[in-house]
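See structure below.
The values are calculated or read from the model by the stated rules, or taken from the named source; none is laboratory data. What you see is a predicted model; the values in this text were computed from it and never measured. Counting neighbours? That spans all protein chains shown, and the Cβs are built from the backbone with ideal geometry, glycine included. In case anyone asks, the SASA skips ligands and DNA or RNA and just uses the protein heavy atoms, side chains included. Shrake-Rupley method; radii C 1.70, N 1.55, O 1.52, S 1.80 Å.
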Amino acid sequence: QVQLVESGGGLVQPGGSLRLSCAASGIAFRDYAMSWYRQVPEDERELVALISSGGSSNYAYSVKGRFTISRDNGNSTVYLQMNGLKPADTAVYYCNVRVNDKEYWGQGTQVTVSS
């Protein structure tokens, strides 16, 4: 079955950096677009970044220029490099893939930006 496992979250000071990883299994990884979402309590999940199977990327306006999504098809892993972190980036970050119109999510990884 499809499984997504995120890692790399943690506590970082404003202006700092983190790199999130999402290891996928159960799919032909190179054939699918992969996304990162984030969610804060009592709010909807927000699309942060998406990378197509061909490597094209799109970003939410709030993270453009600070975050970079990338993929390693050989290791079935998608990354989110986050630079210039702000307290407003504090959230649980989730990896996502849509397969045959079904959404799959990882367990999430907490990112906290605070001094």
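Here are the numbers for this structure:
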quantity: Checking residue 35 against (1) out of contact with any Asp or Glu (no Cβ under 9 Å at 6 or more places or on another chain); (2) of a type in the set (S, T, N, Q); (3) open to solvent by 40 Å² or more (accessible area, probe 1.4 Å); (4) touching a residue at least 12 places away in the same chain (Cβ under 8 Å), the condition it does not meet; calculated: (3)
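Here's the yes/no breakdown for (1) open to solvent by 50 Å² or more (accessible area, probe 1.4 Å); (2) part of a strand (DSSP E or B):
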position: 63; (1), (2): no, no
position: 80; (1), (2): no, yes
position: 96; (1), (2): no, yes
position: 103; (1), (2): yes, yes
position: 110; (1), (2): yes, yes
position: 115; (1), (2): yes, no
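For (1) open to solvent by 50 Å² or more (accessible area, probe 1.4 Å); (2) touching a strand residue (DSSP E or B) at 6+ places or on another chain (Cβ under 9 Å); (3) over 19 Å from residue 103 (Cβ atoms); (4) of a type in the set (Lys, Arg), each residue gets a yes or a no:
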{"residue": "5", "(1), (2), (3), (4)": "yes, yes, no, no"}
{"residue": "48", "(1), (2), (3), (4)": "no, yes, no, no"}
{"residue": "67", "(1), (2), (3), (4)": "no, yes, yes, no"}
{"residue": "73", "(1), (2), (3), (4)": "no, no, yes, no"}
